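The values are calculated or read from the model by the stated rules, or taken from the named source; none is laboratory data. Computed from a predicted model, the values in this text were never measured in an experiment. Backbone-built Cβ (ideal geometry, glycine too); neighbour counts: all protein chains shown. To get the accessible areas, we keep the full protein, side chains included, count just its heavy atoms, and leave off ligands, DNA and RNA. Shrake-Rupley method; radii C 1.70, N 1.55, O 1.52, S 1.80 Å.
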Amino acid sequence: MSGGRVAPGEAGRVSRPGDEDLDTRRAPRGATRSATSTGAPSDVGVLGGGRMGAGIAHAFLLAGSRVTVVERDADAASAASARVLESVAASVARGTADDDEAAIAARFATSTDVADFARAGLVVEAVPEDLELKIDALTRVEAVLPPEAALASNTSSISIDQLAALLDRPDRFLGMHFFNPVPASSLVELVRGDATQGTLVAEAREWVHAIGKTPIVVADAPGFASSRLGVALGLEAIRMLEDGVASAEDIDAAMTLGYRHPVGPLRLTDIVGLDVRLGIAEYLSSTLGERFAPPALLRRMVAEGKLGRKTGEGFYLWDAP
């Protein structure tokens with residue numbers, strides 16, 4: 001990713017209030033550990049402005065942080081801006097935001113240049129669940145961050161230690177696994193690598209509380225806690241559908257009505273994305289064994305482009321994205 005900052009909704013460089021020049025965003029390296037009145041970092045970066053990245057940006061904006069989302073090109077940055085600002089507008093309309101829409105938007109910018117993370121106290125990587133892509137993203141971001149800044153990955157399954165092994169400062173790196181959709185979820189899974197500072201874990205817990213969510217802390221292990229449990233249930237539900245045990249609706253109802261799950265495993269797979277679920281299952285299968293082997297039905301649906309809500313069809317039909 002290279003280029004310049006993009007203001008919400010348009011290409012080109014536009015300054016936030018108080019940013020006199022782009023170079024001043026890259027210079028003040030001593031303020032990266034400052035916090036808002038809520039306890040969130042004053043400056044937060046998010047690499048990747050898809051559904052997850054936009055949700056993470058939204059969460060920190062509502063907590064008072066200045067947030068920069070970096071995307072691969074101007075078109076992607078514009079789309080990310082629209083996602084974030086739409087979520088902000090919805091929060092203001094619901095009365096769940098302390099500031100008005102204009103004040104929140106003034107703290108937000110998008111960019112195509114990771115150098116615009118240079119004054120961030122925290123950067124969360126939220127690119128697709130691909131090992132090589134994440135390694136490339138994390139190493140490029142780390143190169144522009146001051147030593148005291150925190151770097152986190154939103155990975156839902158890839159080993160934090162495996163990612164940290166290629167970083168210069170693995171002690172300032174951890175997993176921050178948010179859940180989809182971020183605005184509606186209340187959990188963030190903090191993944192502690194072997195090299196992660198205990199003080200960083202404590203800081204991250206405070207940040208999660210500051211954005212109104214609950215942290216859990218887990219050791220680095222394949223699938224962590226949430227994905228390992230969630231994928232196991234989702235894969236078994238797909239096998240049951242494949243075997244004709246029951247319809248998708250009835251399998252989901254068994255869990256929502258029988259076990260009081262807020263959403264059934266097949267509908268949740270549609271929300272997460274069948275391609276994302278497949279990638280996690282393949283990784284867990286390679287590390288934990290055949291019990292996580294993806295069902296043939298899942299592979300076939302992904303090959304057919306039936307990825308769930310984002311494509312309009314998965315185990316359910318959805319309104320056009």
Practice problem: Go through the range 91-113 and count every residue that is free of Cβ contacts under 8 Å to residues at least 40 places away in the same chain and open to solvent by 30 Å² or more (accessible area, probe 1.4 Å). | Solution: 11
Exercise. Can you give me the number of residues within the range 198-211 that are open to solvent by less than 20 Å² (accessible area, probe 1.4 Å) and closer than 17 Å to Pro170 by Cβ?
Key: 3
Quiz item: With (1) part of a loop (DSSP other than H, G, I, E, B); (2) more than 28 Å from Ser65 (Cα to Cα) as the list, and Leu268 as the residue in question, which single condition is left unmet?
Solution: (1)
Self-check item: Unique residue being open to solvent by less than 10 Å² (accessible area, probe 1.4 Å) and not assigned by the TED database to the domain that holds Val272 when the list is Asp130, Asp168, Asp136, Asp116
Solution: Asp116
Practice problem: Take Pro295 and decide whether it is within 29 Å of Ala57 (Cβ to Cβ), in contact with a helix residue (DSSP H, G or I) (Cβ under 6 Å, 6 or more places away or on another chain) and not aliphatic (A, V, I, L, M). | Solution: no
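Residues are listed down the side, and each one gets a yes or a no for (1) farther than 23 Å from Ser65 by Cβ; (2) surrounded by 16 or more Cβ atoms within 10 Å (Cβ to Cβ):
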position	(1), (2)
Phe173	no, yes
Ser186	no, no
Thr196	no, yes
Lys213	no, yes
Ala221	yes, no
Ile251	yes, yes
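Please verify whether Glu203 is touching a strand residue (DSSP E or B) at 6+ places or on another chain (Cβ under 8 Å) and within 18 Å of Ser159 (Cα to Cα), treating the condition exactly as stated.
Details: touching a strand residue (DSSP E or B) at 6+ places or on another chain (Cβ under 8 Å): yes; within 18 Å of Ser159 (Cα to Cα): no.
It is false that Glu203 is touching a strand residue (DSSP E or B) at 6+ places or on another chain (Cβ under 8 Å) and within 18 Å of Ser159 (Cα to Cα).
Condition check: within 15 Å of Ile280 (Cβ to Cβ) and surrounded by 22 or more Cβ atoms within 10 Å (Cβ to Cβ). Does Asn180 satisfy that?
Working: within 15 Å of Ile280 (Cβ to Cβ): yes; surrounded by 22 or more Cβ atoms within 10 Å (Cβ to Cβ): no.
In short, no.
I'd like the full set of residues that are free of Cβ contacts under 8 Å to residues at least 60 places away in the same chain and open to solvent by 60 Å² or more (accessible area, probe 1.4 Å), limited to the range 271-295. Can you show your working first?
Here is the first cut: in the range 271-295, the ones free of Cβ contacts under 8 Å to residues at least 60 places away in the same chain are 273-275, 277-278, 281-282, 285-286, 289-291, 293-294.
The answer is Glu282, Ser286, Glu290, Arg291.
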Practice problem: Please tell me if Tyr259 is out of contact with any Phe, Trp or Tyr (no Cβ under 8 Å at 6 or more places or on another chain), open to solvent by 20 Å² or more (accessible area, probe 1.4 Å), closer than 21 Å to Gly223 by Cβ and in a loop (DSSP other than H, G, I, E, B). | Solution: yes
Quiz prompt | Criterion violated by Arg26 - all others in (1) open to solvent by 30 Å² or more (accessible area, probe 1.4 Å); (2) modelled with pLDDT of 50 or more; (3) not small (Gly, Ala, Ser) satisfied | solution = (2)
Practice problem: Could you tell me whether the range 235-256 includes any residue that is more than 26 Å from the chain's Cα centre (by Cα), of a type in the set (Val, Ile, Thr) and at pLDDT 95 or above? | Solution: yes
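Please verify whether Asp75 is open to solvent by 10 Å² or more (accessible area, probe 1.4 Å) and in a helix (DSSP H, G or I), treating the condition exactly as stated. So that I can check it myself, show each step before the final result.
Working: open to solvent by 10 Å² or more (accessible area, probe 1.4 Å): yes; in a helix (DSSP H, G or I): yes.
So Asp75 fits the description; yes.
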Self-check item: Test set (1) under 12 Å from Pro183 (Cβ atoms); (2) not assigned by the TED database to the domain that holds Arg140 - Ala35 fails condition number
Solution: (1)
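Looking only at the range 297-315, decide whether some residue is closer than 21 Å to Ala225 by Cβ and of a type outside the set (Phe, Trp, Tyr). Break it down stepwise before answering.
Filtering the range 297-315 down to residues closer than 21 Å to Ala225 by Cβ leaves none.
Looking through the range 297-315, none of the residues is closer than 21 Å to Ala225 by Cβ and of a type outside the set (Phe, Trp, Tyr).
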Practice problem: Among the residues of the range 173-221, write down those that are of a type in the set (Gly, Ala, Ser) and in a loop (DSSP other than H, G, I, E, B). | Solution: Ala184, Ser185, Ser186, Gly193, Ala195, Gly212, Ala221
Exercise. Give the residues of the range 158-172 that are assigned to a loop (DSSP other than H, G, I, E, B) and either of a type in the set (Val, Ile, Thr) or on the phi > 0 side of the Ramachandran plot (or both), sorted by residue number.
Key: Ile158
Quiz item: What pairs can you find where one residue is in the range 49-73 and more than 15 Å from Ala106 (Cβ to Cβ) and at pLDDT 95 or above, the other is of a type in the set (Asp, Glu) and in a helix (DSSP H, G or I), and their Cβ atoms are less than 9 Å apart, with a gap of 6+ or different chains?
Solution: Ala54/Glu86; Val70/Asp116
